[in-house]
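Enquirer: So that we are looking at the same thing, I have put the structure below in structure tokens.
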Amino acid sequence: MGLVVNRLFNSLSFPDLLQQLDIEPTPVCDPIRVHFGGPVEAGRGFVLHSNDYVQDTTLMVDDHVGLTATIDVLKAIAEGRGPRQSMLALGYAGWGAGQLDDEIRQNAWLTVPADEDLLFGVEIERKWERAIGRIGADLGMLSGEAGHA
């Protein structure tokens with residue numbers, strides 16, 4: 001599974017989501033934005049976050065990033081005691097067994113090391129451009145056309 005990190009879910013705000021879940025935000029509530037995480041299970045929420053918030057239900061992605069998919073993390077954010085950095089996503093992207101590995105081997109994906117700026121940065125519109133720049137690619141040299149050499 002994966003999460004889209006550069007697309008906002010424009011029809012729903014974090015306060016709207018809290019209201020739907022009967023969670024009362026406090027004055028110190030972190031005003032995070034809601035992202036479109038992918039087309040699978042759009043009603044399911046995931047919080048990708050910094051490693052300073054770890055619960056029994058947190059899956060540590062690596063040493064710096066965790067993923068929590070319980071209502072407790074939303075309550076913690078609403079109370080101002082959530083992770084230092086976070087990204088809330090509704091839905092996810094999914095692949096069958098071995099499918100993503102095959103796509104990577106076929107060069108269907110460009111991969112870059114993740115960091116806090118790419119994951120949690122507020123300039124959503126520029127994340128893709130910044131990621132491409134990290135591998136030294138020039139956007140002007142990329143073609144939208146597929147073909148064979």
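No lab work stands behind these numbers, since they all come straight from the coordinates. Note that the structure is a prediction, hence the values are computed from the model and not measured. Neighbour counts run over all protein chains shown; Cβ positions are idealised from the backbone, glycine included.
Enquirer: Grab the other residues whose beta carbon is less than 14 angstrom from that of L8, score K and R as +1, D and E as -1, and report the net.
Expert: Working: positive: R7, R33, R126, K127; negative: D16, E123, E125.
Every neighbour counted, the sum reads +1.
Enquirer: Using 7 Å Cα-to-Cβ label points, what is the R44/N10 separation (nm, one decimal)?
Expert: Rounded to a tenth, the inter-label distance reads 2.7 nm.
Enquirer: Of all DSSP beta bridges in region 1-100, what percent run antiparallel (nearest 5)?
Expert: Numbers: 14 of 17 bridges.
Taking every DSSP beta bridge within region 1-100, about 80 percent pair in antiparallel fashion.
Enquirer: Relative contact order (percent) for the chain, with alpha-carbon contacts under 8 angstrom and 6 or more residues of separation? Could the numbers behind the result be given before it?
Expert: Numbers: 223 pairs, mean separation 40.7, N = 149.
For the chain, the relative contact order is 27 percent.
Enquirer: Please turn the phi angles of region 19-29 into ³J(HN,Hα) values with the Karplus equation 6.51 cos²θ - 1.76 cosθ + 1.60 (θ = phi - 60°), one per residue in order, whole Hz, x for glycine and proline.
Expert: My calculation for region 19-29 gives 4, 4, 8, 6, 10, 8, x, 9, x, 9, 4 Hz in order.
Enquirer: Taking only DSSP H segments of four or more residues, each worth -39500 (n - 2.57), what value at 222 nm results for the chain once the sum is divided by all its residues, to the nearest 500 deg cm²/dmol? List each step's numbers first, then the result.
Expert: Details: 5 runs with 35 residues, N = 149.
Roughly -6000 deg cm²/dmol at 222 nm, from the helical runs in the chain.
Enquirer: Provide the convex hull volume over Cα atoms per residue for the chain, in Å³.
Expert: Working: hull volume 20.5 nm³, N = 149.
It is 138 Å³ per residue.
Enquirer: Name the long-range amide H neighbours of R33: under 5 Å, sequence gap of 5 or more, or other chain; modelled H, no Pro or chain starts.
Expert: L88
Enquirer: Now a separate question. Determine, for S11, S50, S86, the number of other Cβ atoms within 10 Å of each Cβ, and report the residues in order from fewest to most. Intermediate results must be reported in sequence, preceding the final value.
Expert: Values: S11 8, S50 17, S86 21.
By the 10 Å Cβ count, ascending: S11, S50, S86.
Enquirer: Right, next: HN-Hα J couplings of region 112-129 from phi, Karplus 6.51/-1.76/1.60, θ = phi - 60°, integer Hz, Gly and Pro as x?
Expert: Per-residue couplings from phi come out as 9, x, 7, 8, 4, 5, 5, 7, 10, x, 8, 7, 4, 5, 9, 4, 4, 4 Hz.
Enquirer: Give me T68, T57, T26 sorted ascending by neighbouring Cβ count inside 10 Å, so fewest comes first.
Expert: Numbers: T68 24, T57 12, T26 9.
If I rank by nearby Cβ atoms, fewest first, I get T26, T57, T68.
Enquirer: How high is the relative contact order of region 14-99, given as a whole-number percent (alpha carbon pairs under 8 Å, six or more residues apart)? All intermediate terms of the calculation are to be shown ahead of the outcome.
Expert: Numbers: 151 pairs, mean separation 35.2, N = 86.
Reported as a whole number, the value is 41 percent.
Enquirer: Next question. Please list the non-local residues whose amide H lies under 5 Å from the amide H of R7, H modeled 1.01 Å from N, same-chain partners needing a gap of 5 or more.
Expert: Sorted by chain and number, the residues that satisfy this are F36.
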